[in-house]
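To keep things clear, I will list the structure first and then write my remarks on it.
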Amino acid sequence: MAKTFESGDVPLSDLLSQAHQGVLQLPDFQRGWVWDDDHIVSLLASVSRSFPIGAMMTLETGNAEVRFQPRPLEGVPTPTLRTDPKYLLLDGQQRTTSLYLALRSGAPVPTCDARKKDVDRWYFADIDACIDPDADRSDAIVSLPADKRRVDGRGNVVLDASTTEAQVRAGRAGLFPLDIVLDSAAITDWQMAYLDAGAPKEQVQIWKRFHEALIQPFQHYSVPRIALNQNTSKEAVCQVFEKVNTGGVELTVFELLTATFAAENFRLRPDWERRQATWSDEPLLADLDATTFLQIVTLLWTHGRRTENRRGGPRDRVPAVSAKRRDMLSLPVDEYRRWADAVTDTLDRVVRFLHGERIFRARDLPYSTQLVPLTAILTLLGENAFTAGPRAKLRQWYWCGVLGELYGGTTETRFANDLQDVLPWIQDGGDEPRTVRESQFQAERLLSLRTRNSAAYKGLYALMMKRGGQDFRTGEPIDAKAYMADSIDIRHVFPQRWCAANKIDAAFANCIVNKTAIDGQTWSYIGSSAPSHYLAAIETGVPIDQQDLDVIITSHDIDPVALRQDDFGTFFDARYERLIRQIEAATGRPVNRGDSHGSPFAAHRSGAAVAQAIQSLIKAGESKVVEFKSTGRKNLSTGVKDSAIEWSVVKTIAGFMNSHGGTLLVGVQDDGSVLGLEDDFTVFSKKDTDSWEQWLTQLLINYFGKPVTTNVTVRFGTVNDRTVARIDVAPAPEPVYTLLTKTGAKGESFLARINNTTQELTGSQAASYQHKRWAR
């Protein structure tokens, strides 16, 4: 491999002359000069003692593939500049600029003092201190204001170096202006004035000692330089710059491309600022920065490049789809122009998609990094992404990434895989994307999700709202407007203090299972009270009917009976299972369970516990979220199984799904008397709960399909020596239609809960209901 750099020394005077003439300039990505007065004094003192001040690094220009917009060093007058520099200064900007301003610019140095106040300074050498072997050289470098005078607190001049005549007599032996130290002719003129300012013999001796102590070190000083030649790649230049950048702040791709594009007469920064202004009022995109935007553009450019390359037939090497740094740095300005408008337009669709998933603010985004592949995918899919099939697949991919927690580490490779996998999966029915296949969720993870630091925590928060969680204040679905207006946030269901007082483990009290979306006003009622107390306070204070409040509670996948009884264990176990169902529905993948069941309150799932909960439901009676049915299959009048009875079960379950969830008890008559499932058992060859549950599951699959059926949980309890089925139905995240009609023929029906009944809605009624229910 050919060597790409040379090293050697360059005289300080030559280095500053190159800067003055524009032979040496800065790449535009270099940040501004920032050194203060004390730093400059220290630097000048080091040079005057011939101490090393570190190496400089330059890049030889002329490589058409490595073009950066140049700019002169601070203080270089425009008339002296050549248009195209020969070298760009990569390292040593602060030191070189400080030396140029102090020694070569011919103007006061615009710097700042120790209090960061802007000041203009001239620098002088105290001749007496310079020739004193015991003096600190830093004390020998004198910094004076722009008028070259130092005054005391009363405004009296205590040191004057405003003219040559004043300089040669200032202090004990004169103040030498360092802005002429590299100008031989100016030194000679100043020397003549100095020798005339006192006894000739004594002045000559002092001058000789000073010349040797300070002027010669400056005139003979050389700076080590590493010179990168034209063969150095852009990626290498950027990497080298960051390795040697003593400022300690990583240079962004945006800053580098700004300099690169400027060399092609394209101003990237104003273009970015104009684009950013178009979404500045959208809270969801508040953290979308320039580098992320460029990643999206690069991903689309490299995808298009690969697609075009493949059209030419089989090739040994096809360029990769990538959003890695090196590819971003290679982004041509024409490709940026090609894709930037499309990406900007697509951001409206990104917001629409995420709002549909109930993600409303940047802080609620599970992974901000997932915006990169999501935006790229939506750019190429266009409006087709919002049709039923593509949207379902897009949702599955998105939630697999979130709940599988797949975007927490190095993500650039996954970005590329997503774009290449998701598009053919959606458009052509290709293989499942790797993100979908690799997604896994452990049930026990629910117990450790406690803060927004976890993507899965924020994801489940959004899913709770997506499935129909209502605003406690209004009883309406939570959309972006309500979310902002009502100060909705994720808050405890059983308050922390109550949990602590009742010896509930803090790990369980603070995990996602015990949290939901609650508005600020409702939270003021909750405080640290027991649920039974704060629910009563809400009913009185809002006011709101108990049944209506139970509807809201149920919409959050919370058992209202357990909540009203302050039964943390039953509440927790039921919600734990509901959240697992939510995860499985969103990802389309089974949740992994360890050797244990996962829920720390699984004992509340025992037959006795279920029976007790059923008795509580019976006592409370039917409501908007609870319904009783005598049988599920057998017609008690005819004594045989009846499809109309089965339809009645399907209808109620569909109504609960399309409303806000609910509980169906089978084996209980309308008046609350317990009949049991025993009459139903007579129509099965195996007369037990297993056969009954298998029948119900298959019935629901026939009417709804397997994915929708996951919204239903069945448990059995014994009440008065009779078997009762408790069917808990979760609210659905999307409208659910039956696949068969009441008669069993193929056809769709949309059913919804209206007060205590279930009704079929069609046409505009269905559309209006769905718009309100799902905030569509």
Worksheet item: Which listed residue (VAL683, TRP695, THR163) has the Cα farthest towards the positive end of the charge dipole for the chain, taking +1 on Lys and Arg C-beta and -1 on Asp and Glu C-beta about the Cα centre?
Response: VAL683
Practice prompt. List, largest first, the extents of the alpha carbons of segment 384-504 along their principal axes, each in whole Å.
Written response: 55, 31, 21
Item to complete: Let me have the relative contact order for segment 560-651, percent, based on Cα pairs under 8 Å that are six or more residues apart.
Response: 21 percent
Discussion item. Amide H of GLN69 versus every other amide H placed in the peptide plane: which residues, excluding those fewer than 5 positions away on the same chain, fall under 5 Å?
Written reply: ASP28, THR260, ALA262, ALA263
Response to the item:
Per residue, accessible area of segment 185-236 with a 1.4 Å probe, heavy atoms of protein chains only, in Å², comes to 54 Å²
Worksheet item: Which longest run of the chain has no exposed loop site in it, a site being GluC sites (Glu not before Pro) in a DSSP loop with at most 14 other beta carbons within 10 Å, and the site itself not part of the run?
Response: 265-776
Fill in: Burial order of peptide ranges 174-185, 150-161 (average beta-carbon count within 10 Å, highest first)
174-185, 150-161
Worksheet item: Which of THR638, PRO731, GLN94 sits farthest toward the positive end of the charge dipole of the chain, with +1 on the Cβ of Lys and Arg and -1 on the Cβ of Asp and Glu?
Response: THR638
Discussion item. What figure, in Å² to the nearest 10, do you get for the accessible area of ASP479 with a 1.4 Å probe and non-protein molecules left out?
Written reply: 60 Å²
Discussion item. Using helices alone, I'd like the mean residue ellipticity at 222 nm for the chain: each DSSP H run of four-plus residues gives -39500 (n - 2.57), total over residue count, nearest 500.
Written reply: -13500 deg cm²/dmol
Worksheet, complete the sentence: With all protein chains present and a 1.4 Å probe, the order of LYS624, LYS619, LYS481 from largest accessible area down is LYS619, LYS481, LYS624
Worksheet item: Per residue, how much accessible area does segment 68-149 show when a 1.4 Å probe rolls over the protein heavy atoms, in square angstrom?
Response: 45 Å²
Practice prompt. Roll a 1.4 Å probe over the protein heavy atoms and report the accessible area of HIS220 in Å², nearest 10.
Written response: 130 Å²
Worksheet item: FRET efficiency for ALA608 and SER529, Cβ-Cβ distance as r, R0 = 41 Å, nearest 0.05?
Response: 0.90
Worksheet entry | Surface accessible to a 1.4 Å probe, PHE716 within the full protein complex, Å² | 40 Å²
Practice prompt. Report ³J(HN,Hα) in whole Hz for each residue of segment 671-685, in order, from the Karplus equation J = 6.51 cos²θ - 1.76 cosθ + 1.60 where θ = phi - 60°; Gly and Pro get x.
Written response: 7, x, 6, 8, 9, x, 8, 4, 5, 5, 4, 5, 8, 10, 5
Worksheet entry | Contact order normalised by residue count of segment 247-367, Cα under 8 Å, 6+ apart, percent | 32 percent
Item to complete: Report, by chain and number, residues whose modeled amide H sits under 5 Å from the one on LEU159, excluding near sequence neighbours (fewer than 5 apart, same chain).
Response: ARG150
Item to complete: Over the chain, with every protein chain in place, what whole percent of the accessible area is carbon and sulfur at 1.4 Å, could you tell me?
Response: 46 percent
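Starting from the Cα gyration tensor of segment 49-91, take the square roots of the eigenvalues, sort them a ≥ b ≥ c, and report rounded, prolate or oblate (rounded when a/c is under 1.5, otherwise prolate if a/b is larger than b/c, else oblate).
On the way: a/c = 3.03, a/b = 1.35, b/c = 2.25.
Oblate shape, in that a/c is at least 1.5 and b/c is the bigger or equal ratio.
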Discussion item. Please list, ordered by chain and number, the residues whose modelled amide H lies under 5 Å from the amide H of VAL626; skip anything fewer than 5 residues away on the same chain.
Written reply: THR663
Discussion item. Just want the answer: with Cβ charges of +1 for Lys and Arg and -1 for Asp and Glu, which residue in ASN384, ILE544, PRO707 is farthest toward the dipole's positive end in the chain?
Written reply: PRO707
Worksheet entry | From the coordinates shown, Rg and Dmax of the Cα atoms in Å corresponds to which of (1) 31.5, 106; (2) 49.4, 158; (3) 38.3, 137 | (3)
Discussion item. Given an 8 Å cut-off on Cα distances and at least 6 residues of separation, report the relative contact order of the chain as a percent.
Written reply: 9 percent
Fill in: Within segment 370-468: Cβ-based charge dipole about Cα centre, in debye rounded to nearest 20 (Lys, Arg +1; Asp, Glu -1)
560 debye
Worksheet item: Hey, what angle do you get for helix 388-403 against the long axis of the chain, alpha-carbon based, 0 to 90 degrees rounded to 10?
Response: 70 degrees
Worksheet item: Over 21 Å between Cα atoms, which of LYS687/LYS742; LYS458/LYS481; LYS641/LYS686; LYS629/LYS687; LYS458/LYS624 qualify?
Response: LYS687/LYS742; LYS458/LYS624
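Using +1 on the beta carbon of Lys and Arg, -1 on that of Asp and Glu, and nothing else charged, what's the dipole of the chain about the Cα centre, debye to 20?
Using Cβ point charges on Lys, Arg, Asp and Glu, the chain gives about 1560 debye.
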Practice prompt. Kindly express, to the nearest 10 degrees and within the range 0 to 90, the angle between helix 12-21's C-alpha long axis and the longest C-alpha principal axis of the chain.
Written response: 70 degrees
Worksheet item: How big is D, in µm² s⁻¹, for segment 260-379 by Stokes-Einstein at 37 °C and 0.692 mPa s if Rh is the Kirkwood radius over C-alpha pairs?
Response: 214 µm²/s
Worksheet item: If you line up the long axis of helix 268-278 against the longest principal axis of the chain, both from Cα atoms, how many degrees apart are they, to the nearest 10?
Response: 30 degrees
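The values are calculated or read from the model by the stated rules, or taken from the named source; none is laboratory data. None of the values given here were measured: they were computed from a predicted structure. Glycine gets a Cβ as well: all are built from the backbone with ideal geometry, and neighbour counts include every protein chain shown. In case anyone asks, the SASA skips ligands and DNA or RNA and just uses the protein heavy atoms, side chains included. Shrake-Rupley method; radii C 1.70, N 1.55, O 1.52, S 1.80 Å.
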